[in-house]
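I have placed the structure first, in the form of structure tokens, so that the comments after it can refer back to it.
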Amino acid sequence: MRSTDRLFQIIQILRRTPRAVTAVAIAEELEVSRRTVYRDIADLIGRRVPIRGTAGLGYTLDDDYEMRPLALSADETEALALGAQWVSRHPDQALARLALDALSKIRLSLPESSRTVLEQPALGVRSIATAPGATLDTTCLRQAIRRWRVVTFSYRALDGKISQRHVWPILLGYDDTRCLLIAWCEERAALRHFRLERMSHIEILDRRPAKRRTDMLRHWHAQRESAMDAWNRNV
């Protein structure tokens, strides 16, 4: 690992941990010696990075410290580029455009010497085979989730029956070709998964769900884990 990458990693370790982190713990994570960590900490302090602490007791980073934007290592850049590639090929065209825009911003923000990672990537994703005209647009639903508002829409079931739904939109889930809205359905009084291509006349209401989104996310995770446990007991 280059010394510059190591310095950024030390900042990341201190940033994500609210308590003091010892040089031993940092050295183990970075697979370097304690002497190297002490030298790097001194280097960072010399660069006016607000690190507090002493050898043996541990180090902390001031909460208000802001690292310069997009200080990305080559590995981090590749990871972001791989994710952007996948999103850019998904039928959700609005999200695909956003992924390409973000990738362009990342490229322009990188030093000239680091742009090779994006221009000649070492990682790639396979093409996604989609049905002709199978495009999605989750802009409205993403706004509803961020604003935490009730959404209403018409939903076409497998048998073709149309029903009107009022839901609390919790999360959008993706696979290669589909998008699912995970939501609490007021009509069914239960969590439901809705396929986006079967939804129409989507409207955001000026009404907040009765519970917080964090509580509903926790409820969904608990139900998902219970379902997986039941499945595992019966295989």
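The values are calculated or read from the model by the stated rules, or taken from the named source; none is laboratory data. It should be emphasised that the depicted structure is a prediction, and the values quoted were computed from it without experimental measurement. All Cβ positions, glycine included, derive from the backbone under ideal geometry; neighbour counts span all protein chains shown. Each accessible area value is taken on the protein alone, full model and side chains, heavy atoms only, with ligands, DNA and RNA left out. Shrake-Rupley method; radii C 1.70, N 1.55, O 1.52, S 1.80 Å.
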Query raised in the report: Under a 1.4 Å probe, what is the accessible area of region 1-58 per residue, stated in Å²?
Result: 65
Query raised in the report: Using Cα atoms only, what is the angle between the long axis of helix 3-16 and the major principal axis of the chain, expressed in degrees (0 to 90) to the nearest 10?
Result: 60
Query raised in the report: Using Cα atoms only, what is the angle between the long axis of helix 93-109 and the major principal axis of the chain, expressed in degrees (0 to 90) to the nearest 10?
Result: 10
Query - Degrees between helix 34-46 axis and first principal axis of the chain (Cα, 0 to 90, nearest 10) - result: 90
Query raised in the report: What number, rounded to the nearest 500 deg cm²/dmol, is the helix-based mean residue ellipticity at 222 nm of the chain, given -39500 (n - 2.57) per DSSP H run of at least four residues and division by all its residues?
Result: -13500 deg cm²/dmol
Report summary line: Taking protein heavy atoms only, a 1.4 Å probe, and rounding to whole percent, the accessible area of the chain owed to carbon and sulfur comes out at 51
Report summary line: Taking a ≥ b ≥ c as the square roots of the Cα gyration tensor eigenvalues, with a/c under 1.5 meaning rounded and otherwise prolate when a/b beats b/c or oblate if not, region 151-193 comes out oblate
Query - Order by protection proxy (mean Cβ within 10 Å, highest first), peptides 193-206, 91-104 - result: 91-104, 193-206
Query - Spin-label pair residue 28/residue 201, simplified geometry with 7 Å Cα→Cβ offset, distance in nm - result: 6.0
**Report entry** Calculated Rg and Dmax of the Cα atoms in Å (choose from [x] 21.9, 77; [y] 23.3, 69; [z] 21.0, 73), label
**Finding:** [y]
Query - Stretchable slack from residue 100 to residue 215, in nm (0.36 nm times residue separation minus alpha-carbon distance) - result: 38.1 nm
Query raised in the report: By the gyration tensor of its Cα atoms, with a ≥ b ≥ c the square roots of the eigenvalues, what is the shape of region 1-99: rounded for a/c under 1.5, prolate for a/b over b/c, or oblate?
Result: prolate
Query raised in the report: So who's got an amide H within less than 5 Å of the one on residue 138, skipping anything under 5 residues away but keeping other chains? H placed 1.01 Å off N, in plane.
Result: 94, 95
Query raised in the report: Along the Cα-to-C-beta direction of residue 79, a point sits 7 Å from the Cα; which residues of region 169-194 have their amide N less than 16 Å from that point?
Result: none
Query - residue 60 accessible area, 1.4 Å probe, all protein chains in place, Å² to nearest 10 - result: 50
